[in-house]
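Undergrad: I have a structure here, written as structure tokens, and I will follow up with some questions on it.
The values are calculated or read from the model by the stated rules, or taken from the named source; none is laboratory data. None of these values were measured; they are calculated from a predicted model. With ideal geometry, Cβ positions are generated from the backbone for all residues, glycine too; neighbour counts draw on all protein chains shown. The protein model used for the area step is the full one, side chains on, heavy atoms only, and it has no ligands, DNA or RNA in it. Shrake-Rupley method; radii C 1.70, N 1.55, O 1.52, S 1.80 Å.
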Amino acid sequence: CMNYMFPGSYAWGNFGVLAVGIWAIVQRDSLDAIVMFLTGLLLTVLTDIIHISVFYPPNEYLTDVKRFSMGMAIFSLLLKPVSCYLVYRMYRERGGE
């Protein structure tokens, strides 16, 4: 659905952070992985806000597929602060200061 809505940087950024997140979960003793994951999440919050605000279509071009795609992007953006908090707690559990 996002293929024609957002540029490729939106998907690459979010999937890149997902890959770093998987790395952070697998490497339980690595503090660098969790810091990179938290930094990536915070960065994608900013870039998601920019992508949604720039590429939101006007009402006359808003189809059901576009509305669903934007709704999921906004929902993902709303869940990212919760993810940041949980990742920060994992950082503290692993010995971060």
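Undergrad: I'm checking my understanding of the structure. Among residues of the stretch 43-77 that are exposed (fewer than 11 other Cβ atoms within 10 Å of the Cβ) and aromatic (Phe, Trp, Tyr), which one is modelled with the lowest pLDDT?
TA: Applying the filter and picking the extreme gives TYR61.
Undergrad: Let me ask something else. So ASP32 ticks every box in (1) open to solvent by 100 Å² or more (accessible area, probe 1.4 Å); (2) touching a His at 6+ places or on another chain (Cβ under 9 Å) but one. Which box is left unticked?
TA: (2)
Undergrad: Another question, then. Scan the stretch 78-97 residue by residue and report those that are charged (D, E, K, R) and open to solvent by less than 80 Å² (accessible area, probe 1.4 Å).
TA: LYS80, ARG94
Undergrad: Kindly provide the set of residues from the stretch 22-51 that are free of Cβ contacts under 8 Å to residues at least 40 places away in the same chain, out of contact with any Cys (no Cβ under 8 Å at 6 or more places or on another chain) and under 17 Å from PRO81 (Cβ atoms), ordered by number.
TA: THR39, GLY40, LEU43, THR44, LEU46, THR47, ASP48, ILE49, ILE50
Undergrad: Would you please name the residue that is surrounded by the fewest Cβ atoms within 10 Å (Cβ to Cβ), looking only at residues in the stretch 1-21 that are in contact (Cβ under 8 Å) with a residue 60 or more places away in the chain and not in a helix (DSSP H, G or I)?
TA: If we take residues in the stretch 1-21 being in contact (Cβ under 8 Å) with a residue 60 or more places away in the chain and not in a helix (DSSP H, G or I), then CYS1 is surrounded by the fewest Cβ atoms within 10 Å (Cβ to Cβ).
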